[in-house]
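Written out below as structure tokens is the structure these notes cover.
The values are calculated or read from the model by the stated rules, or taken from the named source; none is laboratory data. Bear in mind that the values here come from a model prediction, so they are computed numbers and not experimental data. Every residue, glycine as well, gets a Cβ built from its backbone with ideal geometry; the counts of neighbours run over all protein chains shown.
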Amino acid sequence: MEIRDLCKRQRYAFPDFTGCLSFQPGQGKEYNVFHNPSGSPDDVFTRFQLLADAHIHITRENCRAMLDHMDSLGIDRALLMAFDEESAEVNFDLAREHPQRFLADCNVSSTPFGRLESRLYSYKERGAAGLGEFMVNRRIDDPYIRRVFAICQELELPVTFHMSPEAGYSYGIVDDAGLPLLEDALRRFPRLILIGHSQSFWIEFSADVPHEREGRNSWGCGPVAREGRVFQLMDEYENLWCDLSAGSGSCAIMRDHDRGLDFIHRFSDRLLFATDMTGPDMVFPLHDYLADCLAEGELSQAEADRIFHGNFERLFGKIQRPEQ
Ligand SMILES: [Zn+2]
């Protein structure tokens, strides 16, 4: 199956597939399936002692199927993303029912400004691992967004965000090209861990960023001529992390083999393996790509360990292989 077709199957993770295939690396190899952990003895999964997914969406209805899917992919533990307060409640239920497998992120979307503090405190008390994915469709310097960031900083709740290029255009917190508002937030809230995700964030992997909203809301593709703002912000702000999920994250890493590896070498202590899967029919090609980089000596074991579970454990606590 062509990677194009697989991408189309990923309804949510790859919602705006534009036909750009340039992230498919050379050698004619397709990175389109996870290796089966019960496969051959030299399967790459044997090199990953543990595998954590820092961005997944699961409902009550598909929980059993998703657990089976996680088993087949070798994912030991997953951080459940919430779209809003309602799905945060589902996350808490699922994490309580499957404490070995899930951690729950909370979220706020409709909580009034004056109740943000009490709401987030109660989420923290109930065991929220973080907040995400945060997608209130306002500019990052909006008082509501800043209030959420300030409280999450105090509560030590890492925030995974989805970014939009424009209010009212697509969901997500809003920044301009070049990410000036994100930089302001990183400076303003130095103890808040912000985890970057989505197209409008990863498009800034390369310096030649389109400025119109459609371009900013797409995956990047093709060689990276010069390092973009994502490199600069990761260099300057220790509180910026990235999840590698979805087409946007995997495309950034895979669109230019050398630049992607350079990014990983420089920032492997703040990168989180993640998929953004929403259903058991989804696959995520970046896993195999990184596994092959490891097998070919382009990625060190220590780097792989950090990305696949170590950084996750540093943020969210120790994990262990679930009992079957
Ligand atoms: Zn998501």
Exercise. Out of the stretch 259-301, which residues are out of contact with any Leu (no Cβ under 7 Å at 6 or more places or on another chain), within 16 Å of the ligand (Cβ to nearest atom) and outside any loop (DSSP other than H, G, I, E, B)?
Worked result: MET277
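Results for (1) of a type outside the set (A, V, I, L, M, F, W, C); (2) modelled with pLDDT under 95; (3) within 14 Å of the chain's Cα centre (by Cα), shown as yes or no for each residue.
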site	(1), (2), (3)
ASP184	yes, no, no
ARG187	yes, no, no
LEU194	no, no, yes
SER198	yes, yes, yes
GLN232	yes, no, no
SER248	yes, yes, yes
For this session: For residues that are over 16 Å from CYS152 (Cβ atoms), of a type in the set (Val, Ile, Thr) and crowded, with 24+ Cβ neighbours inside 10 Å, tally how many sit in the stretch 175-216.
Result: 1
For this session: Starting from the stretch 140-153, keep only residues that are closer than 19 Å to GLY196 by Cβ, then list their pairs with residues that are among the β-branched types (Val, Ile, Thr) whose Cβ atoms are within a distance under 7 Å, requiring at least 6 positions of separation or different chains.
Result: ILE140/ILE173; ILE140/VAL174; ILE145/VAL136; ILE145/ILE173; VAL148/VAL108; PHE149/VAL159; CYS152/VAL159
Exercise. Does the stretch 230-241 include one or more residues that are over 22 Å from PHE149 (Cβ atoms) and surrounded by 22 or more Cβ atoms within 10 Å (Cβ to Cβ)?
Worked result: no
Exercise. Can you find a residue in the stretch 120-137 that is small (Gly, Ala, Ser), surrounded by fewer than 16 Cβ atoms within 10 Å (Cβ to Cβ) and under 20 Å from ILE195 (Cα atoms)?
Worked result: yes
Problem set entry | the stretch 198-254 - residue that is of a type in the set (Lys, Arg) and in contact (Cβ under 8 Å) with a residue 40 or more places away in the chain and, of those, farthest from the ligand (Cβ to nearest atom) | ARG229
Problem set entry | Residue match in the stretch 134-141 (condition: of a type in the set (A, V, I, L, M, F, W, C) and modelled with pLDDT under 95) | no
Seminar exercise, completed: Filter the stretch 156-193 for residues that are of a type in the set (Ser, Thr, Tyr) and either free of Cβ contacts under 8 Å to residues at least 24 places away in the same chain or part of a loop (DSSP other than H, G, I, E, B) (or both); the one that is nearest to SER268 (Cα to Cα) is TYR171
For this session: Enumerate the helices (runs of 4 or more DSSP H) found wholly within the stretch 194-254, keeping only those where 1 or more residues are among the hydroxyl-bearing types (Ser, Thr, Tyr).
Result: 199-202, 246-254
Exercise. Can you name the residue in the stretch 257-286 that is charged (D, E, K, R) and at pLDDT 90 or above and is also farthest from ALA207 (Cα to Cα) among such residues?
Worked result: ASP276
Exercise. Taking the condition assigned to a loop (DSSP other than H, G, I, E, B), touching an Asp or Glu at 6+ places or on another chain (Cβ under 8 Å) and surrounded by fewer than 18 Cβ atoms within 10 Å (Cβ to Cβ), does ASP141 pass?
Worked result: yes
Problem set entry | Only listed residue being crowded, with 20+ Cβ neighbours inside 10 Å and closer than 13 Å to LEU73 by Cα, chosen from HIS309, HIS287 | HIS287
Exercise. Among the residues of the stretch 105-113, is any out of contact with any Leu (no Cβ under 9 Å at 6 or more places or on another chain), among the hydrophobic types (A, V, I, L, M, F, W, C) and more than 16 Å from ILE58 (Cβ to Cβ)?
Worked result: yes
